[in-house]
Structure formats: C-alpha cells, structure tokens
1. If you go through the stretch 326-356 one residue at a time, how many are part of a helix (DSSP H, G or I) and among the hydroxyl-bearing types (S, T, Y)?
2. Filter the stretch 57-68 down to the residues that are within 17 Å of N102 (Cβ to Cβ) and of a type in the set (A, V, I, L, M, F, W, C), then identify the one that is surrounded by the most Cβ atoms within 10 Å (Cβ to Cβ).
3. Six or more apart or on different chains, Cβ under 7 Å: which pairs go from a residue in the stretch 272-293 that's closer than 21 Å to D22 by Cβ to one that's surrounded by 18 or more Cβ atoms within 10 Å (Cβ to Cβ) and hydroxyl-bearing (S, T, Y)? Could you list them?
4. Conditions: (1) more than 28 Å from D130 (Cα to Cα); (2) in contact with a Lys or Arg (Cβ under 9 Å, 6 or more places away or on another chain). N196 meets all but one. Number of the miss?
5. Please determine, by comparing only the residues of the stretch 11-21 that are in contact (Cβ under 8 Å) with a residue 24 or more places away in the chain and surrounded by fewer than 18 Cβ atoms within 10 Å (Cβ to Cβ), which one is farthest from the chain's Cα centre (by Cα).
6. Run T319 past the list (1) of a type outside the set (A, V, I, L, M, F, W, C); (2) surrounded by fewer than 18 Cβ atoms within 10 Å (Cβ to Cβ); (3) modelled with pLDDT under 90 and report the number of the one that doesn't hold.
7. From the list L135, L142, pick out the single residue that is crowded, with 21+ Cβ neighbours inside 10 Å and more than 16 Å from I66 (Cα to Cα).
8. So if I check each of E207, E260, E242, which one is more than 29 Å from E345 (Cα to Cα) and not in a helix (DSSP H, G or I)?
Amino acid sequence: MIEVRKIESKKDIKKFVQFQMDLYKDNKFFVPPIIKDELAIFDPTKNQVFKNADCWMFLAYKDNKIVGRVAALINHIEIKEQKKPKMRFGWLDMIDDIEVTNALLAEVQKVGKEQQLEFLEGPVGFSNMDKAGLLIKGFDELSTMITWYNHPYYKEHLEQLGYVKAAEWVEFKFQPPNPIPDKINRFADIIAKRYNLKTLQFSTTNEILPYVDAMFDLLNKTYSNLITYVPIQQYQIELYKEKYLPFINPDFIELVVDQEDKLVGFAITMPSFSKALQKANGKLFPFGFIHLLKAKKKNNEAAFYLIGIDPEYQGKGVTAMMFRNVIVNFMNYGITKCETNPELEDNLAVQASWKNYEPTLHKRRRTYRKDI
C-alpha cells in the first residue's frame, strides 16, 4: 500500500532532498545538486521566492520506505498578474511504479482544487530561474548543473495518467570553431559598424556587478512573449548574484552595448561543472569545493548558461559580436566541447545562433499539463 505524507519538518525536507541522491546514486549521467543549496530552496528564511509563492511538499512511502517525492507550487505573480490559474509541480522523482506517481500527483491535484486553480503543469520550479522540464531525449547524455535528470519511465507514467505536452525545450551540443572563420569575423565587424555597437569584457567579478541588473532587465525583455515566462523579480536577481556569480569566470561573460552604453545583448558561458559535481556528490566540504575550483580553472567543456538580446536587435547579427569573443576565450582556455542551455522549441531566434556551428540536438525536455 502506498501512503503519501505531507512534509512538516526540516528532518523530512532533508529526506525529500536525499531521495533523489539515493535514487540516482549509481547513474553515471545524473549530476547531483549541492545538498545545502537544495535545502535552502525550501527554506522561506533563505529563499525570498516565498514572498510571492507557496509550496507543499510530499513524500510517498511503500512498506515504510520512501519511494517518491513531489512539490506542489504556486507562483502568485503568475496567477494574479498574468491570470494563469496554474498549479505547478516540481522535484518529481519516484521508483518505476505508476501507482506511486499517481498517488503523488493526486496530492498536487488536491491542493490545486483547494486553491481553485484550473490545471497542473510540471515539472517546473517556483519560477524561470529554477530547473524545468522532464527529460524525454538524451538519457545517455551527462546532465548539467541547471537541469534535472530522470529515467525514461517518468514520461511513460505521466502520459498513461492523462498528462499532455505543455511546453518543450531543446538542447544542442557542438564543437566551437578553431580558428574563427573569416566570415564570422567580417560579419561581426559589419554589425558593430552598422549599429555603432561595441563589446565589453571583464577581468574581475566586481567589474560585472554593475551590469547584472541590466542583464536581467534584458532577459525580461527577451523572453516576455514566451508562454511559460514569469518576470524575474529583484530578489531573484540578488539570489543569482550570491548563488552563481562565484562559479562564473569573468572571461566567459560577453556584453554588447550601444553608443550610449545601453546594454543590447549579453552571453554568459561557464566551464562545465557536471563532472566536478559528480565528484563532490552533493557536498562542498571537506573536498567538494576543490573539484569545483579545478573545473572552473581547467576544463575542455563549456555550457551556454544565459543569453539575452534586446528585441530591437534580434535577428540583426548581434550574436556574431558576442560569439566571436566567446570563441576566442574558448580557444584560450582549451574548450573543445559546448552545450547550450534548454531553449523553448519555438524560440527560433535563439536557436538560429548556433546554425553556423553544425549543432547536434541531443536532449529534449518537456512539461506536462492536466486539467484539474
């Protein structure tokens, strides 16, 4: 018999986080999160998303053993300001037993009914700054620090339970050119001259800080027309600065500004931390941080993390200016493999950025929805 219990204590939250670690402990494609960071996500004193969000967490038990987990989430900005009566669910993990999946999602649906919402969608986090999407292609590809990994049976369970596709993301991998093709150099120069643009580069993290707010403003402009997008709040920007800036090498940030120094585009890339996080196995201490530091300084793989382009400049070649500098940095650091972040399949403007690099679509992930 399956019993689903609502989490009421910090001890149970630790069990919630640990379940994923146990479920995938022998999987060579799973990238463990830092446990301390995962716990902080569900702590209202540390995660300011709770200013406009609510969360209910559940664990499923079978024979007194934990066999699944799920979080039911409400983003009040999405509901009140964007008029989307959505009950979110995320952090969905379970053994290969559809009755466990059904029992977990039944609790999410129950919360949705109580909150007078109209449909469920997931897996997603509290907002666009969290991980999202169920992996449906690329199960034999190494995961990344900004995505969830899951077994193929998750998709089968949801579809058997009547959930249908809501949104889908694609991810690409490619080899950066070395040397830079002449046509990219020429095109980047033409665009810079035509629109009177210039690129900015940085040598220290402190130099980047004055531009972070503008980068997130640009993200809101870039993606505001996408159906899944919820505007990024200032407290999320502050969290990002604290959580991710330490991982970013200043050389891997490229900004494009106009003649008035107004930001029109940016690209943030990072050395891949996937293998380092596997070695850390969820813990920064005593030795986990050493693996991360090594990955930051010496790595042959990189990931595109965030890209933003002012809508006025989309399709005008601004990416050529940024990517030229990105490629130079990759050459300097010995980067020979690249991976993109998840991009909505209908976001053709961003996907066009990779067309000159012979990309391979190697992963797909999807959210599912169901009427309440």
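1. Residues of the stretch 326-356 that are part of a helix (DSSP H, G or I), as a first pass: 326-333, 348-356.
Applying the additional criterion that residues be among the hydroxyl-bearing types (S, T, Y) yields 333, 353.
So the count comes out to 2.
2. So, considering only residues that are within 17 Å of N102 (Cβ to Cβ) and of a type in the set (A, V, I, L, M, F, W, C), the one surrounded by the most Cβ atoms within 10 Å (Cβ to Cβ) is A60.
3. S274/S143; S274/T144
4. (2)
5. The residue in question is D12.
6. (2)
7. Of the residues listed, the single one that is crowded, with 21+ Cβ neighbours inside 10 Å and more than 16 Å from I66 (Cα to Cα) is L135.
8. On the way: E207 fails: not in a helix (DSSP H, G or I); E242 fails: not in a helix (DSSP H, G or I).
Sole residue among the options that is more than 29 Å from E345 (Cα to Cα) and not in a helix (DSSP H, G or I): E260.
The values are calculated or read from the model by the stated rules, or taken from the named source; none is laboratory data. Note that the structure is predicted; figures quoted are calculated from it, not measured. We place every Cβ from the backbone using ideal geometry, glycine too, and count neighbours over all the protein chains shown.
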